[in-house]
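Trainee: If you scroll down you'll find the structure; I have some questions about it.
The values are calculated or read from the model by the stated rules, or taken from the named source; none is laboratory data. Owing to the predicted nature of the structure, the values given are computational and were not obtained by experimental measurement. A quick note on method: Cβ atoms are made from the backbone with ideal geometry, for glycine too, and the neighbour counts reach across all protein chains shown. With ligands, DNA and RNA removed, areas are computed over all heavy atoms of the protein, side chains included. Shrake-Rupley method; radii C 1.70, N 1.55, O 1.52, S 1.80 Å.
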Amino acid sequence: MLFEKIQEVVAQHLDCEIEEVKRESTFESLGIDSLDSVELVMELEESLGIQLDLDKDLETIDELVKFVEERM
């Protein structure tokens, strides 16, 4: 459930097909830079209704899912 929500937010942010965003996708392969990362975190906070303090570097969508799960 959480992966699907994150997948949706990332796909909307990048204006790409939702199927392109996979658990194993790296942020680099999706073309996500540091500014995009900050914007994505803000969008996820709003969408999920939680506060995320991104205090470590994440490389994949799966790592992001696990990070968010830990904060919920």
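Trainee: Glu28 - would you say it is assigned to a loop (DSSP other than H, G, I, E, B), of a type outside the set (A, V, I, L, M, F, W, C) and over 17 Å from Phe67 (Cα atoms)? Even if it seems obvious, please write down each step before you answer.
Mentor: Working: assigned to a loop (DSSP other than H, G, I, E, B): yes; of a type outside the set (A, V, I, L, M, F, W, C): yes; over 17 Å from Phe67 (Cα atoms): yes.
Yes, satisfied.
Trainee: Just give me the residues in the range 1-19 being assigned to a helix (DSSP H, G or I), open to solvent by less than 100 Å² (accessible area, probe 1.4 Å) and not aromatic (Phe, Trp, Tyr), in sequence order.
Mentor: Initially, the range 1-19 is screened for residues assigned to a helix (DSSP H, G or I), giving 2-14, 18-19.
From the residues that got through so far, the ones that are open to solvent by less than 100 Å² (accessible area, probe 1.4 Å) too are 2-11, 13-14, 18.
Matches in the range 1-19: Leu2, Glu4, Lys5, Ile6, Gln7, Glu8, Val9, Val10, Ala11, His13, Leu14, Ile18.
Trainee: Oh, and also: State which residue is least open to solvent (accessible area, probe 1.4 Å) when the search covers only the range 22-62 and only residues that are modelled with pLDDT of 90 or more and touching a Phe, Trp or Tyr at 6+ places or on another chain (Cβ under 9 Å).
Mentor: Ranking the candidates gives Ile61 first.
Trainee: Do we have Glu63 as more than 11 Å from the chain's Cα centre (by Cα) and either part of a loop (DSSP other than H, G, I, E, B) or on the phi < 0 side of the Ramachandran plot (or both) here? Steps first, answer last, please.
Mentor: Working: more than 11 Å from the chain's Cα centre (by Cα): no; either part of a loop (DSSP other than H, G, I, E, B) or on the phi < 0 side of the Ramachandran plot (or both): yes.
No; evaluated as a whole, the condition is false for this residue.
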